[in-house]
Structure formats: C-alpha cells, structure tokens
Amino acid sequence: MTTISHVRGCQPSTMLDYATALRASNSTFTDQVRRMDRAVDATMDKWQGEAAAAASARSLSESLVASHIDTAVTAVAEAHASHGAVLDSIRTALLAIVDLEAPGVGMSVSDDGTVTAPSVPLAGDIVVSMLLQHRLDAQVDALQVRIKALLVQFGEGEMQAAQAIRAAQQQLDSTGSPGAATISPVVSDIISGTTSLPSDPAQLHELWSTLSPADKDALFAHDNYIGNRDGLPVVDRDHYNRIKLDDELARAEACDPSVSDRLVDLQAVRDTIDKDPNRMLMLLDTQSGAQTHAAVAVGNPDTADHVSITTPGLNTTVGGAIGAMTDEGEQMKLTAEKQLDDTVDHVGETVSTIAWIGYDAPQLDKDDYFSEESLKGAIQVAQPWNAQAAAPDLSQFYEGIAASNYDGDPHLTAVGHSYGSFTTGLALQETPEGIVDDVMVYGSPGLGTGHDFVDSSLDKLNIAPGHAYEMTAHDDPVAHMNRFGWSPGYMSEFTHLDTDATTTADGVARQGATGHSEYSRSGDNGELRTSGYNTAVVVAGLADVPGQLVIGDSAVKTGGMDLLDGLMDLTR
C-alpha cells in the first residue's frame, strides 16, 4: 500500500528535469547526424560508381540506426515527462490536503491516510456538542476518501510509469542489437508500392504498433510527411514532423523556390514549438494547400484524459496565428486542469489542447478590402467550398486522436470559431458517433445543418443531447448571419453560455468578450475571459457539475438587445 511518507519522499518533478535534459542532449545528437547526412549528400553529387553506391547504402544504414536511437531516446524522455507530470500533480494535491487543509481544521492524518478529528468535549449543551462531533466526523470521512483515492492513484501511476519507462528503455537497448535496422517485409511492400499504409486511423495505429523503429524510419525516408498521418502515436508524429520542419526551414532560408514563400510560416511553427518542451507538432504541410497547414498540441493528446481541437476562421494563417492560438490553448489547458484539481473525483486528470490550422481559411486584406485577395476571400467566406474541402481532413484528425490515445476513448471536444465553426460542423457530420463527445462553437455563422424550423442539429452533428454549447457575444454580427444553416445561438438544442464579465465559480473576476474576436483571448488581468472559462469547463468535461458553467441567453435575445442599443444610439 502506498503511504503518505512514500509520496512525500518521491520527487516526480525530477523526472521532468531529466526529460528536458535528455531531449536537449538528443537534439545535439540529431543535429550532428543531419550534418553528416548533408555532407554525404554533397559528396554523392560528385561521386559515382559501385564504391559510391556502397558508401551511400552504408550511409543510409547508419542514418536509420541513428534515427532509431533518436526515436528511442525521445520515447524514454516522453515516458519520464508524461508520467512525471501526472505523479507530480497527484503529489501536490495530496500534500495540500495533508499539510494544509486537514491541519487547518484541526485534524490529523496518519501515514496510511486515516484521518482523525479532535473530540468535542461533552460540556454545556450536550446536543450541540454531539452535532459538532457529527459534523467533524463527516468532514473526516470526506477528507479520508480524497486522501486514500490520491494514494491509490499515486501507486497506480508509479506502476504505469515504471512499465512505460521499462518499455522505452528496452526499445533503446535494442538499438545496437543485430538486425536492428532490418526492414520488415510489410514495410518493404509498402515502399515498393505493392501495398500501402491503411487510411483508416484505427487500422494505421494497429499496424504502426507492430513496426520496429527501423521500419518507421524507413517509412519516413519513403514519405517525409509520414508524421501527418492520423492514427500515429503523437510522439512519433512530433518526432518526424520536427525533422521535416528542420529540413524545410533550412531549404526556405536557402531560398529553395519550392518552400521559400513559406519561410514566415515555418519560422512561426519553429518559434511556437520551441517556446515550451510540452508542445508537439502534429501537422506540417507546405505542399497540399494554397496556404501552409499546421497543428500544434500543448501536452500529449495520447496520454491526456481530455483533448480539445480548435479550428479557427477568417484571416487565419499559420504564420500569423499558430503562436497565439497555441498560447491560448496553453492558458485553456491550465485553467481546465485547475478546475479538475478543484473537483472531487477529477483530481490529477490531464488536458491537451490542439490548435488546428489544417485548411485554407478564407483571407481578407484588412488594409484594402477591394484588392484581388480580399475579393477572393469575400467570395470564399460567403461560400462553403473551403470548409467542405477541409471537413474530411478535420474529421479524420478527430478519429486519429481517438485511435492513438492510450485510453482509447478520451473525452474529446471539438471547438470552432467563426468560419472554423462551420468547418467543424461539416467535419462532425462525417465523424462517427462516439468519437467527439462535446462541441463548443462561438461567433458562428452556422454549422451546415440547414434552416429547418424543428431542431435536428445534434442528430446531424453526431453529438449527444446536452453536449452542444455555443456563445454569442454582444456586437458580433457574424453570430447572427445564419449563413450556413441556423447560427447555433438560434438553436434550442445548444446550451447558450454567457460572455459578459463576471466572477466565475473558481472565484476569479473575468472580463467579458464583445465583438467577433475576443472569445478565446485573455483579459487584461491575464486570466481567460468568461467565454474562455466556459470553454475550459466544457473541455475539462465538467459542464454537468452544477454552477461551473456561466449560462447565457440565446442569440435571439442577445441580438435583439444589440439591435435595440444600436437604434437608441441613432436617436440620441
């Protein structure tokens, strides 16, 4: 049985420090390997013949082994980081109860988690004394349940960490074994074109789990965009996408015409993922669209209990928005996890947020609304084409998250803003029921569900009743457009949430959001606005906890108030 003294003596934060140091050393190693590869490539341009072919084959073999080491070390670091974060969170929550909360009410806690209350003297009014004792005993029971639950969680977490670290270490130990760089027949057939990788995320994940590091490296050499495949473990997606990012960024800086116009986007992605080691590059694509596509996760979606995917709208570009969206996602993660830690039975649960710019969002030139770009963007934002093109990719991205998550069924929330909410709506209509648990949209011109007078939106969106939420801020004209079906603020099946300034259930004074762009932005006090807080509660899966959400009005009332205010302004 796990004891309090054992938990107190553990220092899970050192696992995070170790992971950071290991990643830094591994980065130095991979940089040296890439320099070697570039030197070999330069030599091969001038050297031909059998000897050159043999040298090239040897170089490929060494590169595969080096990549195997890189993958294995990354897995070791990830095992330490992810499990260390979970254990540290549980330890912090436990010691806060044992060292502060229990003593603060005069109670003592034994090493096995048993809580003892002080005895109330039977003096004066005996009935009052007995009532006080009864109340103390009830507090004892509540504290003891929480403490012992955390002790069990810590013990289970240690076992899971040991298993994960042992498995990652065995993978690293096999690096130098004979045949470590041998490619399996399955992968050989894929590379030769005889077969292909499964397109279904669940099937791909199952196949990927059977491959050796050498197999995975060979598939990356065959397809440098392998990291974009939905269903792959996020650690592998991040690993291979970072290699591809380094390659494309180097070529863009060298004015390679195939990527030179994507330099700003690539630099923004690099700056975003370098800002925090807890960020993971899940998508990088400079080739398939008119714009660069990218997705960055804060935290590991494969180990998180709760995952959100946010799709933005008009005027979003990777170069201009991936950093801000990821920062907003980080604030969302912190706020959601705080709500979880403050809620009984949810202490220690983790959240991962993903900024998904995986499509060509319509663009308007803010400085020249009559430019050719703005005219094209105006047409695009008024039409379903861009969203229709993006919906299959976003739907498959949802399925990939579910397929690669260790639990197999994370609590998944689809979040959409503006034209991105329309894209989200179309994607949900293509996503099997049970993959996405909640949907949160704001500033939405419609979800592609039509203009029926009788709501049938949730059936079309494959979302269970009571799990669809929307926000319509004052002075947001887009949320009243009803352009792509009814805007969610006009749908009775959606829970309408407030965006006005208020003090939320966690005691934080939050600023309101007005207009079309403030929903996800933090206020001047550094805290999420009411709209961001509401989103965090939904993302954390706590929407059914009484008093957590700040309920608001439908767009019919909100829009009517805005219109009335506007008319009054005209008469003044």
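Checking every residue in the range 111-123 against the condition of being in contact with a strand residue (DSSP E or B) (Cβ under 8 Å, 6 or more places away or on another chain) and at pLDDT 70 or above gives at least one match. With respect to R251, is the statement that it is at pLDDT 95 or above and either out of contact with any His (no Cβ under 7 Å at 6 or more places or on another chain) or surrounded by fewer than 22 Cβ atoms within 10 Å (Cβ to Cβ) (or both) true? No; evaluated as a whole, the condition is false for this residue.
Being of a type outside the set (S, T, N, Q) and surrounded by fewer than 24 Cβ atoms within 10 Å (Cβ to Cβ) is the filter; apply it to the range 88-97 and report the residue that is nearest to V347 (Cα to Cα). Per the criteria, the residue is A93. Residues that are hydroxyl-bearing (S, T, Y) and not in a strand (DSSP E or B) within the range 330-352 comprise T335, T343, T350, listed in sequence order. Of D498, D452, D475, all but one fail to be surrounded by 18 or more Cβ atoms within 10 Å (Cβ to Cβ) and either touching a strand residue (DSSP E or B) at 6+ places or on another chain (Cβ under 8 Å) or within 23 Å of P384 (Cα to Cα) (or both); the exception is D498.
Considering the range 277-329, and only residues there that are assigned to a strand (DSSP E or B) and among the charged types (D, E, K, R), the residue that is farthest from the chain's Cα centre (by Cα) turns out to be D285. Just name the residue that is nearest to the chain's Cα centre (by Cα) out of those in the range 436-448 that are crowded, with 20+ Cβ neighbours inside 10 Å and in a loop (DSSP other than H, G, I, E, B). Restricting to residues being crowded, with 20+ Cβ neighbours inside 10 Å and in a loop (DSSP other than H, G, I, E, B), the top hit is V436. Across the range 20-32, the number of residues qualifying as surrounded by 16 or more Cβ atoms within 10 Å (Cβ to Cβ) and not basic (K, R) comes to 3.
Cβ-Cβ distances below 7 Å connect the following pairs, each with a first residue in the range 251-267 that is within 17 Å of N241 (Cα to Cα) and in contact (Cβ under 8 Å) with a residue 24 or more places away in the chain, a second residue that is among the charged types (D, E, K, R) and in a helix (DSSP H, G or I), and a separation of six or more residues or different chains: V259/E248; V259/R251; L266/E248. Among the candidates S395, S352, S404, the residue that is among the polar types (S, T, N, Q), modelled with pLDDT of 95 or more, within 17 Å of the chain's Cα centre (by Cα) and within 17 Å of G541 (Cα to Cα) is uniquely S352. Given the condition outside any loop (DSSP other than H, G, I, E, B), assigned by TED's automatic domain parsing to the domain that holds A324, touching a residue at least 40 places away in the same chain (Cβ under 8 Å) and closer than 21 Å to E337 by Cβ, answer yes or no: does some residue in the range 485-507 qualify? Yes: the range 485-507 contains one or more residues that are outside any loop (DSSP other than H, G, I, E, B), assigned by TED's automatic domain parsing to the domain that holds A324, touching a residue at least 40 places away in the same chain (Cβ under 8 Å) and closer than 21 Å to E337 by Cβ.
Say we look at the range 227-245 and pick out the residues that are surrounded by fewer than 23 Cβ atoms within 10 Å (Cβ to Cβ) and among the aliphatic types (A, V, I, L, M); which of these is nearest to N278 (Cα to Cα)? Out of the qualifying residues, it is V235.
Of all residues in the range 544-571, those satisfying the criterion of being modelled with pLDDT of 70 or more and touching an Asp or Glu at 6+ places or on another chain (Cβ under 7 Å) are V550, I551, G552. Of the candidates A324, A297, the single residue that is closer than 11 Å to W356 by Cα and either buried (at least 21 other Cβ atoms within 10 Å of the Cβ) or at pLDDT 95 or above (or both) is A297. Could you check how many residues of the range 449-483 are closer than 18 Å to R521 by Cβ and assigned to a loop (DSSP other than H, G, I, E, B)? Selection size over the range 449-483: 4. Among the residues of the range 300-316, which ones are among the hydroxyl-bearing types (S, T, Y) and either farther than 11 Å from S421 by Cα or out of contact with any Asp or Glu (no Cβ under 9 Å at 6 or more places or on another chain) (or both)? If the condition is that a residue be among the hydroxyl-bearing types (S, T, Y) and either farther than 11 Å from S421 by Cα or out of contact with any Asp or Glu (no Cβ under 9 Å at 6 or more places or on another chain) (or both), then T303, S308, T311, T316 are the ones that fit.
The values are calculated or read from the model by the stated rules, or taken from the named source; none is laboratory data. Source: prediction; values computed, not measured. Every residue, glycine as well, gets a Cβ built from its backbone with ideal geometry; the counts of neighbours run over all protein chains shown.
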